[in-house]
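*Asks:* Shown below is the structure under consideration.
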Amino acid sequence: VQLQASGGGLVQAGGSLRLSCAASGSIFSISVMGWYRQAPGKQRELVAAITRGGMSNYADSAKGRFTISRDNAKNTVYLQMSSLKPEDTAVYYCKVVVKINDYWGQGTQVTVSS
């Protein structure tokens with residue numbers, strides 16, 4: 001399974017970005033798709049995740065500002081980020097769960113300037 005993330009970049013505080021992550025390869029059925037982030041000197045943390053049926057959960061820091069969605073036909077997960085803050089600056093990673101295995105994308109940098 002290969003994951004290709006895109007959509008990161010530099011944005012001013014209060015701005016928006018949309019991340020995308022497309023999965024390809026030997027995919028039978030992806031159960032959970034999610035986004036994590038890792039800021040310098042910090043541990044990787046969950047931002048949001050969504051099941052195949054559309055149930056989602058968010059980190060408290062993301063609630064009300066970020067929206068996760070997925071297109072099962074395209075094996076793609078999205079993260080719409082709004083009202084971005086400098087503390088959202090991190091490398092964002094997508095992760096998918098196929099059967100009992102986790103697969104990670106390569107990460108995309110999001111930088112929010114104040």
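The values are calculated or read from the model by the stated rules, or taken from the named source; none is laboratory data. Note that the structure is a prediction, hence the values are computed from the model and not measured. Methodologically, a virtual Cβ is constructed for each residue, glycine included, from the backbone with ideal geometry; neighbour enumeration extends over all protein chains shown. When the accessible area is computed, the model is the full protein with side chains, heavy atoms only, and any ligands, DNA or RNA have been set aside. Shrake-Rupley method; radii C 1.70, N 1.55, O 1.52, S 1.80 Å.
*Asks:* If the reach is capped at under 19 angstrom between alpha carbons, list the aspartates and glutamates near residue 99, excluding any in the same chain fewer than eight residues apart.
*Replies:* Excluding near neighbours in sequence, the set is 71.
*Asks:* Compute the accessible area per residue over the range 13-79, keeping the other protein chains in place, probe 1.4 Å, unit Å².
*Replies:* Per residue, the range 13-79 has an accessible area of 53 Å².
*Asks:* Treat the range 27-69 as a sphere of radius equal to its Kirkwood radius over Cα pairs and apply Stokes-Einstein at 10 °C in a medium of 1.306 mPa s; give the translational diffusion coefficient in µm²/s, rounded to a whole number. Display every interim value, and only then the final one.
*Replies:* Values: Rh = 11.3 Å.
It diffuses with D of about 141 µm²/s by this estimate.
*Asks:* Could you check how much of the accessible area of the chain is carbon and sulfur, as a whole percent, using a 1.4 Å probe? If you can, show how the numbers build up before the last one.
*Replies:* Values: 2960 of 6030 Å².
Accessible surface attributable to carbon and sulfur in the chain totals 49 percent.
*Asks:* Next up: So what is the relative contact order for the range 1-110, in percent, with contacts set as C-alpha pairs under 8 Å and at least six apart? Don't skip to the answer; put the middle values down first.
*Replies:* Working: 255 pairs, mean separation 39.2, N = 110.
Once divided by the residue count of the range 1-110, the mean separation gives 36 percent.
*Asks:* Name the trypsin sites (Lys or Arg not before Pro) in the range 1-82 that are in a loop by DSSP and that have at most 16 other C-beta atoms within 10 Å, would you? Please report the intermediate quantities before stating the final value.
*Replies:* On the way: sites: 18, 37, 42, 44, 52, 63, 65, 70, 74; in loops: 42, 44, 52, 63, 65, 74.
In loop regions of the range 1-82 (DSSP not H, G, I, E or B), the sparsely surrounded trypsin sites (Lys or Arg not before Pro) are 42, 44, 52, 63, 65, 74.
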